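Undergrad: Quick one: structure below, then a few questions.
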Amino acid sequence: MSDLPQPERIPYHLAIIMDGNGRWAKARGLPRQAGHRAGVDNLRRVLRACSEFGIRILTIYAFSTENWGRPEAEVKGLLNILETVIDRELDNLHANGVQLRHLGEISALSPGLQVKVRRAVERTRNNDRLTLNVAFNYGGRDEIIRAIQRIVSDGIPPEQIDETLLNFYLDTAGLPDCDLIVRTGGEMRISNFLVWQSVYAEYYATPKFFPDFDREELYQALLHYNNRERRFGLVLKP
Ligand code: FPP
């Protein structure tokens, strides 16, 4: 499928809610962790496709602030995946010009994992081919609360608080809002993802489970995005 025509408009910032790993595994009689591993395998394909289509920022929802409530073994498995991805994929990501950023509250991770995440972010900070935001222990409301806490503790006077300032305090500081949010796995909800950054985003939901969301599926999402008229709250000229 290397002959897909390039859609006219490409979202600059794509965000994906990678849902359906568990159901993908269940349908094959496999443990849920096998579904998450298949999700990671697919992430490599999605990253390649994003790079090929010219998407500049990809934000993935890997672990929400609510996911701590899952069975302990699954939580451990997801933490383990984050560590393994950093250990095994960082050289390759770096060589391919990927800048890694972490969105979320890092202090809940083990000290060792915190160091790995910080080092990975630091090592890739000057890369500019594609930015990969990994939302891990992330919640949109939590992000906004943490931003407000820092604004208050920095002693910023209330009259100086505006959208530009708040943007500066968010985990996504310096990045533009997301243009397109894709949710795999058939659900139609935002689940506390990019609450602030998604106000003018287009949505695309597909029943495909994330491990099956391949390049062609991403292409369908891009076509859908091309057919949308983004008005940003304005009335378009006739
Ligand atoms: C939702 O599917 C998926 C997750 C909570 C985890 C997604 C994580 C990955 C794909 C691994 C990538 C991680 C990193 C750190 C790069 P689900 O388990 O809720 O599926 P279900 O709705 O079918 O049960």
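The values are calculated or read from the model by the stated rules, or taken from the named source; none is laboratory data. In this text, all values refer to a predicted model and were calculated from it rather than measured experimentally. Glycine gets a Cβ as well: all are built from the backbone with ideal geometry, and neighbour counts include every protein chain shown. Surface areas here come from the heavy atoms of the whole protein model, side chains and all, with no ligands, DNA or RNA. Shrake-Rupley method; radii C 1.70, N 1.55, O 1.52, S 1.80 Å.
Undergrad: Would you say residue 201 is under 25 Å from residue 89 (Cα atoms) and buried (at least 19 other Cβ atoms within 10 Å of the Cβ)?
TA: Considered against the rule, which asks whether it is under 25 Å from residue 89 (Cα atoms) and buried (at least 19 other Cβ atoms within 10 Å of the Cβ), residue 201 comes out as no.
Undergrad: If residue 55 satisfies every condition in (1) touching a residue at least 40 places away in the same chain (Cβ under 8 Å); (2) within 10 Å of the ligand (Cβ to nearest atom) but one, which is the exception?
TA: For residue 55, the exception is condition (2).
Undergrad: Output the residues belonging to region 117-143 that are in a helix (DSSP H, G or I) and more than 19 Å from the chain's Cα centre (by Cα).
TA: 119, 123, listed by residue number.
Undergrad: Pick from 151, 181, 161, 190: which is surrounded by 15 or more Cβ atoms within 10 Å (Cβ to Cβ) and more than 21 Å from the chain's Cα centre (by Cα)?
TA: Numbers: 181 fails: more than 21 Å from the chain's Cα centre (by Cα); 161 fails: surrounded by 15 or more Cβ atoms within 10 Å (Cβ to Cβ); 190 fails: more than 21 Å from the chain's Cα centre (by Cα).
Just one listed residue meets the conditions, 151.
Undergrad: So for region 34-46 (the condition being in contact with a strand residue (DSSP E or B) (Cβ under 8 Å, 6 or more places away or on another chain) and under 24 Å from residue 201 (Cα atoms)), does at least one residue qualify?
TA: Looking for residues that are in contact with a strand residue (DSSP E or B) (Cβ under 8 Å, 6 or more places away or on another chain) and under 24 Å from residue 201 (Cα atoms), one finds at least one in region 34-46, hence yes.
Undergrad: So how many residues does region 218-238 have that are in contact (Cβ under 8 Å) with a residue 24 or more places away in the chain and either surrounded by fewer than 20 Cβ atoms within 10 Å (Cβ to Cβ) or β-branched (Val, Ile, Thr) (or both)?
TA: Applying the first criterion (in contact (Cβ under 8 Å) with a residue 24 or more places away in the chain) to region 218-238 yields 218-219, 221-223, 225-226, 228, 230, 232-233.
The next check asks that each one be either surrounded by fewer than 20 Cβ atoms within 10 Å (Cβ to Cβ) or β-branched (Val, Ile, Thr) (or both); those that pass are 219, 223, 226, 228, 230, 232-233.
Residues that pass the stated criteria total 7.
Undergrad: Which one is nearest to the ligand (Cβ to nearest atom) among residues in region 1-33 that are small (Gly, Ala, Ser) and open to solvent by less than 20 Å² (accessible area, probe 1.4 Å)?
TA: Step one: of region 1-33, the residues small (Gly, Ala, Ser) are 2, 15, 20, 22, 25, 27, 29.
From the residues that got through so far, the ones that are open to solvent by less than 20 Å² (accessible area, probe 1.4 Å) too are 15, 20, 22, 25.
Details: 15: 13, 20: 4, 22: 3, 25: 8 Å.
The qualifying residue nearest to the ligand (Cβ to nearest atom) is 22.
Undergrad: Then there is this: Inside region 144-170, can you point out the residues that are part of a loop (DSSP other than H, G, I, E, B) and not small (Gly, Ala, Ser)?
TA: Across region 144-170, the qualifying residues are 154, 156, 157, 161, 162, 170.
Undergrad: Every residue in region 64-88 that is open to solvent by 30 Å² or more (accessible area, probe 1.4 Å), part of a helix (DSSP H, G or I) and more than 8 Å from the ligand (Cβ to nearest atom), please.
TA: Matches in region 64-88: 68, 69, 72, 73, 76, 79, 80, 83, 84, 87, 88.
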